[in-house]
Amino acid sequence: MLTWLSYFERFGKNFLRGTAVTLELTAVGLAIGFVLGLLLALARCYGPKWLRNLAGAYIAIFRGTPLLVQLFIIYYGLPEIGITFTQTTSAYLALGLNSAAYQAEYLRGSINAIGEAQMQAGRAVGLSKWKTIGYVILPQALRLALPSWSNEPVSLLKTTAIVFLIAVQDLMAEGKRAATATFDFVGTYLAIAVVYLVMVFVLDALLKFLERKTRIPGMDIETRR
Amino acid sequence: MDLGQFVSYIASGTVYTVGVTLISLPAGLLIGIILALLYVYGGKTAARVLNLYSTIFRGIPPVVLLFILFFAVSKGINLSAFWAGSLSLGVVSSAYQMEIVRGALLSVSGDQMMAARAVGLSRLQAIRYVVIPQAIRLAIPPWSNEAAIIIKDSSLVYALGVPEILRRAQLIGASSQKYLPAYISAAIIYFLLVFITTHLLTLLEKKLAIPSNP
Amino acid sequence: MPKPILTIKNLTKKYGENVIFQHLDLDVNEGDTIVIIGPSGTGKSTLLRCVNLLTRPNEGQIWLDDEEITAKGADEDQVRQHVGMVFQNFLLFNHLTALGNVKLGLTKVKHMSDAQATEKAMHELTRVGLADRANHYPGQLSGGQQQRVGIARALAMDPRVMLFDEPTSALDPELIGEVLEVMRQLALDGMTMLVVTHEMGFAREVADRIIFMEKGYIVEEGSPDEMFNHPKFPRTREFLWKITELYGKKEKDAE
C-alpha cells in the first residue's frame, strides 16, 4: 500500500527536474497572462467600442474553449500555416494566452471597483486620463485584485499538468515515465499528486503572505475563496 | 473527403462529450450536496475531515486526479473508458461543487436559520424549508461556471481513449494531415456547447429568481 | 396577585471572559408590556434571545407558565411555539410571499391543513393591515411592511409572550409609525410583550413598566411616570434626558 513512498527515493531526481519545469511553466504563463491580461482589462475599461468588443471576444473564446484544444492548435495546427513553435514555447503561449483571459476579468473587476470616483479625483487634480490610470487607479486596483487574483497562480500551476500531452517534460511527464517503469499507475501518480499538493500549499502560503504585506488599511473587499 | 464529412466526423464525438458531462456533472452534484450539508451542519469533526477532502481534491491537478481514479477504478471493476473516465471526472468535480453548495448554504444560513427556529421549526425543517430553497438560487451562477469547466475538462478523457470531440479531431487531423481545421472545428463545437449551457442556466436563474422591486 | 406568566431568575450570560449580564431577575405578568431601554451592547438583545432559547444562559432559570424552559430536557422547538420574536432586520423568508411567511410555521410546526393555515395567516395579515399584500415577496415590500409581516408571522403561532428586538431601529423614520401602531394595538388587546427599543414615545404611552439596563445590570425599573418624571438614579435621568432630547428632535423633524 505504501510502496508509492519508495518512488520518491527511486525517481526523486526526475521528479525534481519535472517540478522545475512545472514551476517555470507557471511563472512564464503567469507573466504573459498578466501583461496581456492587463492590456485586455484596460482595453475593456477605457478603450473605444471596437477595441472593447475585440477584447471581449478574445476573452470569450479563450474562456469558452478547452485549454487542451488551444494547446493543440498552437503546437499541431499552426505549423500548417508556417508558424512553428517548440513544445515548450507552445506550452508557454497556450498557458499565457489562456491565463490572460482569466486575469483580464479579475483586473477589470477591480479597476471598475476603484473606477469612476478615483478617475474624477485624478482629473480634478490636473492629471491626464492615462496618468490617472497609471498613478491613481492601477496602484489601487492591483492591490484590491490581489485576494481574488491569488486564485490564478495556483490554478495555473494545476493547469500546467496537461502539457505533458504534447511531450513537454514537466512533472506529470516524469510521472508518466515512472509509471511505465513501475507498472503501478495508481501509486506513481499518487506520488506525483503529493508533489503537486506540496507546491500548491507553498504557493498558497506565499500568496497569503503577499496579501497581508501589501494590504492598504481600510480598503477591503469581500472575497470568496 | 469533403468539408462536410470532415466536420461531421469530429461533431459525432459530441455525443461522447455530452455523455461524459451528463454523467460527471450530476455525480459531482450529488456527492457535493451531501458533503456540503455534512460540512455545514454535521459538526466539527465532519467539517475538519471535509476541509481536508476539499484541500486535497482541489489541490491536485484535475488530470492527475483523473488518472489516479481511472486506473484505480479500472483495477477493481471492469468498466469502459467512458464510464470510468466520467465517474472519475465526477469525483474530481465533487470537491468544487461541495464548496459551491457550502458557500451558498453559509450565505443564507445564519440569520434565516435564526428566524426559522424562532417560529418553532426544528433544525432539519429550517434547513429543508428555509435555507435550501434560498441557497439553490445563490448557487446557480457559480454552478454554471463549474458546468462550463466540466465541459472543457471532458476533453481530458481523450487521453483515456474515449472517442469524444478532441479524440476525433486528433484522428482525422492525423489521417488527413489537416490538424489546424480539425482542432479549430473542435474548438468551435466546444465553444457552442459552453455557450448554450451557460445561457440555459442563466435562463434558469431568471426563471427561479424571487421577485423584488430593486 | 396573579402568578407571573414569565419568570426570570438569576440569569447570567457570558462569552468566555466577557460577561454580558449576570444575576438578572425579572417577573412579567400576563398582559404586561415591558419596555427595556438602555445603551447599545448592554445585553438587552441577548436577554430576549434567552427567553426563546435562541441563546442558552450560563446560569439561572426561566419559567414560562409554570414550565422551566431552561431545564435540561426541555424541547426548544416546543418552547418557541409559545414565544414569538420580531427581529430588528425583519428576517423574513425571502423565498416566500408574505402569506407564505406567515403560513410556514402553521403548516410545518402546527401541522395545520393548507386551508386552515391560509385562513389563520390571512387573519393575522389583516390584523397588521397587510391583507392586500399577501402575495407579495419581501423584496417587493417596504421596510415597515416587512416588519409588520414579521409581526404577523410571530402572532400566527398564538404565542403567550411576544419579544420585540429593536423592531423599528432598521426603519426609515416615516415607516416607524405604522409598526409602532400595530404594536400599540397588540398591547391594548392584552398581549404580553417584552420590547427592546429606543422609541421613548412608545415607552411612555404604552409600557406598563420600563426597565433601564446598562452594562448588563438593571439600573432601575418602574412605571413610565416614575421613570420619566421621578427617576431614582442619576444615570437613569441622564440617559432618558439625552435620548428624549434626541428622539424628540427626530419627531419634530419628521413632522
If the Cβ limit is 6 Å and pairs must be 6+ apart or interchain, which residue in the stretch C:57-81 that is within 14 Å of chain B (Cβ to nearest Cβ) and part of a loop (DSSP other than H, G, I, E, B) pairs with which residue that is surrounded by 15 or more Cβ atoms within 10 Å (Cβ to Cβ) and not aromatic (Phe, Trp, Tyr)?
C:ILE69/C:ILE62; C:ILE69/C:VAL79
Lone unmet requirement of (1) at negative phi; (2) surrounded by fewer than 21 Cβ atoms within 10 Å (Cβ to Cβ); (3) more than 9 Å from every other protein chain (Cβ to nearest Cβ); (4) in contact (Cβ under 8 Å) with a residue 12 or more places away in the chain for B:LEU124:
(4)
From B:GLY32, B:GLY28, B:GLY13, which residue is farther than 29 Å from A:VAL202 by Cβ and not hydroxyl-bearing (Ser, Thr, Tyr)?
B:GLY13
Determine which member of the set C:ALA98, C:ALA134 is over 16 Å from the mean Cα position of the chain (by Cα), more than 9 Å from chain B (Cβ to nearest Cβ), crowded, with 23+ Cβ neighbours inside 10 Å and modelled with pLDDT of 95 or more.
C:ALA98
Identify, please: which residue in the stretch A:182-219 is in a loop (DSSP other than H, G, I, E, B) and touching a residue at least 24 places away in the same chain (Cβ under 8 Å) and is, among those, nearest to the other protein chains (Cβ to nearest Cβ)?
A:ASP184
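Listed here are the residues, each with its yes/no results for (1) among the charged types (D, E, K, R); (2) crowded, with 17+ Cβ neighbours inside 10 Å; (3) more than 14 Å from every other protein chain (Cβ to nearest Cβ).
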| site | (1), (2), (3) |
| --- | --- |
| A:GLN140 | no, yes, yes |
| A:GLU152 | yes, yes, yes |
| A:VAL163 | no, yes, no |
| A:GLN169 | no, yes, yes |
State yes or no: is C:MET112 in contact (Cβ under 8 Å) with a residue 40 or more places away in the chain and either at positive phi or among the hydrophobic types (A, V, I, L, M, F, W, C) (or both)?
no
Just wondering, is there one or more residues in the stretch A:84-105 that are at positive phi, outside any helix (DSSP H, G or I) and of a type outside the set (Ser, Thr, Tyr)?
no
So, in the stretch B:86-121, exactly how many residues are outside any helix (DSSP H, G or I) and either more than 10 Å from every other protein chain (Cβ to nearest Cβ) or in contact (Cβ under 8 Å) with a residue 12 or more places away in the chain (or both)?
0
Selected residue (criterion: surrounded by the most Cβ atoms within 10 Å (Cβ to Cβ)) from residues of the stretch C:187-214 that are assigned to a helix (DSSP H, G or I) and touching a strand residue (DSSP E or B) at 6+ places or on another chain (Cβ under 6 Å):
C:ALA203
Can you tell me which residues in the stretch B:187-213 are facing another protein chain (nearest Cβ under 8 Å), out of contact with any Phe, Trp or Tyr (no Cβ under 8 Å at 6 or more places or on another chain) and modelled with pLDDT under 95?
B:ASN213
Answer with yes or no whether A:ARG44 is in contact with a Cys (Cβ under 7 Å, 6 or more places away or on another chain), closer than 17 Å to A:ALA145 by Cβ and charged (D, E, K, R).
no
Within the stretch C:180-193, identify whether any single residue is under 13 Å from the mean Cα position of the chain (by Cα) and of a type in the set (D, E, K, R), and answer yes or no.
yes
Out of the stretch B:160-179, which residues are part of a helix (DSSP H, G or I) and either aromatic (Phe, Trp, Tyr) or surrounded by 17 or more Cβ atoms within 10 Å (Cβ to Cβ) (or both)?
B:LEU160, B:ILE165, B:LEU166, B:ARG167, B:ARG168, B:ALA169, B:GLN170, B:ILE172, B:GLY173, B:TYR179
Could you identify the single residue in A:ILE61, A:ILE32 that is among the β-branched types (Val, Ile, Thr), surrounded by fewer than 22 Cβ atoms within 10 Å (Cβ to Cβ), within 14 Å of chain B (Cβ to nearest Cβ) and assigned to a helix (DSSP H, G or I)?
A:ILE61
Considering the stretch B:31-68 alone, what residues qualify as being under 18 Å from B:LEU87 (Cβ atoms) and more than 9 Å from chain A (Cβ to nearest Cβ)?
B:ILE31, B:GLY32, B:ILE33, B:ILE34, B:LEU35, B:TYR53, B:PHE57, B:LEU66
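The values are calculated or read from the model by the stated rules, or taken from the named source; none is laboratory data. As the structure is a prediction and not an experimental result, all values here were calculated from the model. Note that each Cβ is placed from the backbone with ideal geometry, even for glycine, and that neighbours are counted across all protein chains shown.
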